[in-house]
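The next block holds one structure in the form of structure tokens; read it before the comments.
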Amino acid sequence: MPFDFSKLKAQVRQTVHKTFGVPALYSDSATPSPVDVRVRWHSRIEQAGDLENQGYANVIQGVDRIVFLSSDARSLGVKKNGTVKILNSFEPGVDEPVFVLVAREPKTGPVEEIWNAALKG
């Protein structure tokens, strides 16, 4: 039997999600109450401007992404403007971040659905 790279890639991504995912609550306008889901929150810093000394100000901004398993996203009906609240079970007294889903990224492989998100006020 030949090696099936796509099958292995799907298994690895599921393992990564199971291992590094955190509990969260998803809700949107069609959800009567928040629903439990496991997600991964990716956050990075993006720098723009004055990259070649052109004389304009640097802009540093955070880029947040929420990663769902595709099967979870389909069953929940995840959509634009839905909210994801990351449940904080490890640091008492710290507010739990809430994100608004802004745009779904194009699919880049099996298993995951990735959304660009904005931290809610």
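No lab work stands behind these numbers, since they all come straight from the coordinates. Note that the coordinates shown come from a computational prediction; the quantities given were computed from them, not determined experimentally. Cβ atoms come from the backbone with ideal geometry, glycine included; neighbour counts cover every protein chain shown.
Values for this structure:
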read-out: Helix-derived mean residue ellipticity, 222 nm - over the chain, DSSP H n ≥ 4, -39500 (n - 2.57), to 500; value: -6000 deg cm²/dmol
read-out: Highest-first arrangement of 93-102, 35-44, 109-118, where packing means the average Cβ count within 10 Å; value: 109-118, 35-44, 93-102
read-out: Asp4 paired with Arg74, simple spin-label distance in nm, labels 7 Å along Cα-to-beta-carbon; value: 1.6
read-out: Gyration tensor (alpha-carbon) shape descriptor, the chain, a/c threshold 1.5; value: oblate
read-out: Simple spin-label estimate for Gln61 and Val22 in nanometres, 7 Å along Cα-Cβ; value: 2.3
read-out: FRET efficiency, Ala118 to Val35 (Cβ-Cβ, R0 22 Å, nearest 0.05); value: 0.60
